[in-house]
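The structure appears below as structure tokens.
Please treat every number below as a calculation from the coordinates, not as lab data. None of the values given here were measured: they were computed from a predicted structure. Positions of Cβ are backbone-derived with ideal geometry, glycine not excepted, and every protein chain shown enters the neighbour counts.
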Amino acid sequence: MRVARSSVLVWLCLTCACSGTTGGQRVVFSAVAVGAAPNFGKTLEFDNSVGYHVTLTRARLHVGAIYLNQSVASSGAQETACVLPGIYVAEVFGPLEVDALSAHEQSFPYDGEGNRVAAKAGELWLAGGDIRHPADINDVSTAPVILDAAGTAEKNGASFPFEAQLTIGENRAIASSDPAYPGANPICKQRIVTPIAVNLTPTNGGKLVLHVDPRGWFSGVDFALLAQSSKNPLLYRFADAPTQAADVSLYGALHSRSGVYRFTWE
């Protein structure tokens, strides 16, 4: 693997004049992602919280980067800045298209870098572009498909074959309610899932594992509210915008800070 040059860690070092604030031994480690399906990528069946039996046949997540932080903010996505308050412990660069139906390890293209310091919070950066440069997290011109899923949901004899391809770009932009602060709602706030609780310490030569469980994405979805895309074959499609309650539910669950994403260390 290639070792990536740090971005946020270097930026923090520069802004702190490299005073050794982060402390700890410098470490390099590998990083992988694994899905939740026990049959290694074929299908995943489960019942959601509103009574649907769901069979997933495709579930992919585009991960741009991972960051670990030694402190926990109340909600990093609600802070004015998109970089979590506190000190970053480690980072891993993608992109990686995670097959969330495969329990096989899927390696990130770069080694992770960091410090041997206990981490208490994790971040997933769901963005495209070269996010080794933190400013690119706000670039709306690059908006790859972040969530790509398909399957069938059944309830009371009704069947809802469905597809979903969600992006996070201009379609998710929120206009500022105050003309004096036109940049009050940067798109980066919707591209970062944080804080995800962790309790680990990066070590040299270790391995960070991102676990993705796609069942959480569809936990509260009422599939009967989806727009029908075609009759023959029958297909329902999630809108790539907050159109119906089902669309809002899926997009909200994509940002779940618990129950969907989990980090472990080996």
Using r as the Cβ-Cβ distance of Glu45 and Lys231, and R0 as 25 Å, what FRET efficiency do you calculate, to the nearest 0.05? 0.45
Summing +1 for each Lys or Arg and -1 for each Asp or Glu, what net charge is found among the other residues whose Cβ lies under 14 Å from the Cβ of Ser230? +1
Using 0.36 nm per residue of separation minus the Cα-Cα distance, give me the extension gain between Val140 and Asn171 in nm, one decimal. 10.2 nm
How far is it, in nm, from the label point at Thr243 to the one at Ser258 when both lie 7 Å from their Cα along the line to the Cβ? 3.3
